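Engineer: Below is a structure I'd like to ask you about.
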Amino acid sequence: KQYLNEGNVQALFEFVPMVSGLDQGLFIPSFTIFNGLRNNKNGLEFAIGPSVNTSKQVLKYEHEGTFYTRNELIDEDPLIEPSDLESEWKTDSRGTVRLNSYIVIAAGYSFKSGKLNIPINAFVVPAKDNLRFGLSVGFNTRR
């Protein structure tokens with residue numbers, strides 16, 4: 001949704017629903033709200049905004065470089081106390097659904113054909129212990 005159009009630059013909000021994880025047998029829906037700028041002349045765009053998603057996650061414990069669920073760890077070595085180990089939530093289809101939030105930074109280009117726009121964007125999701133990135137392709141129309 002465009003909210004400012006001054007010369008060659010548009011300011012806009014973009015609402016992006018997405019499903020990811022399908023390549024790994026997971027269903028991870030997300031919703032991102034971008035605030036960005038688009039150059040009307042060359043189609044380049046940049047945006048940043050919050051994203052929320054839900055995914056099934058399990059608390060896993062790291063032991064000798066491998067992550068285990070509590071039960072797997074007990075099966076591996078009953079003498080190990082899970083509370084003594086580093087743990088973190090990991091995406092796992094056996095887990096419980098958790099809500100997560102992130103910041104997303106994206107840049108891209110919009111191809112135009114009549115009233116049809118085809119945006120292609122690369123995005124980065126920086127987090128405390130990792131960095132995710134990807135590519136999105138979509139379409140929208142002008143009225």
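Engineer: Select, from Phe67, Phe27, the only residue that is over 30 Å from Asn117 (Cα atoms), open to solvent by 60 Å² or more (accessible area, probe 1.4 Å) and either under 27 Å from the mean Cα position of the chain (by Cα) or of a type in the set (Gly, Ala, Ser) (or both).
Structural biologist: Phe67
Engineer: Among the residues of the stretch 8-59, which ones are touching an Asp or Glu at 6+ places or on another chain (Cβ under 9 Å), under 17 Å from Ala106 (Cα atoms) and hydrophobic (A, V, I, L, M, F, W, C)?
Structural biologist: Those that are touching an Asp or Glu at 6+ places or on another chain (Cβ under 9 Å), under 17 Å from Ala106 (Cα atoms) and hydrophobic (A, V, I, L, M, F, W, C): Leu12, Ile33, Phe34, Leu37, Ala47.
Engineer: Still on this model: For the stretch 52-79, how many residues meet the condition of being touching a His at 6+ places or on another chain (Cβ under 8 Å) and at pLDDT 85 or above?
Structural biologist: 1
Engineer: Looking only at the stretch 106-137, which residues are without any contact (Cβ under 8 Å) to a residue 60 or more places away in the chain, over 16 Å from Asn53 (Cβ atoms) and in contact with a strand residue (DSSP E or B) (Cβ under 8 Å, 6 or more places away or on another chain)?
Structural biologist: Lys115, Leu116, Asn117, Ile118, Ile120, Ala122, Asp129, Leu131, Leu135, Val137
The values are calculated or read from the model by the stated rules, or taken from the named source; none is laboratory data. The model shown is predicted, which means the values in this text are computed figures rather than measured ones. So basically every Cβ, Gly included, is an ideal-geometry build from the backbone, and we count neighbours across all protein chains shown. Protein only, heavy atoms only, side chains kept; ligands, DNA and RNA dropped before computing areas. Shrake-Rupley method; radii C 1.70, N 1.55, O 1.52, S 1.80 Å.
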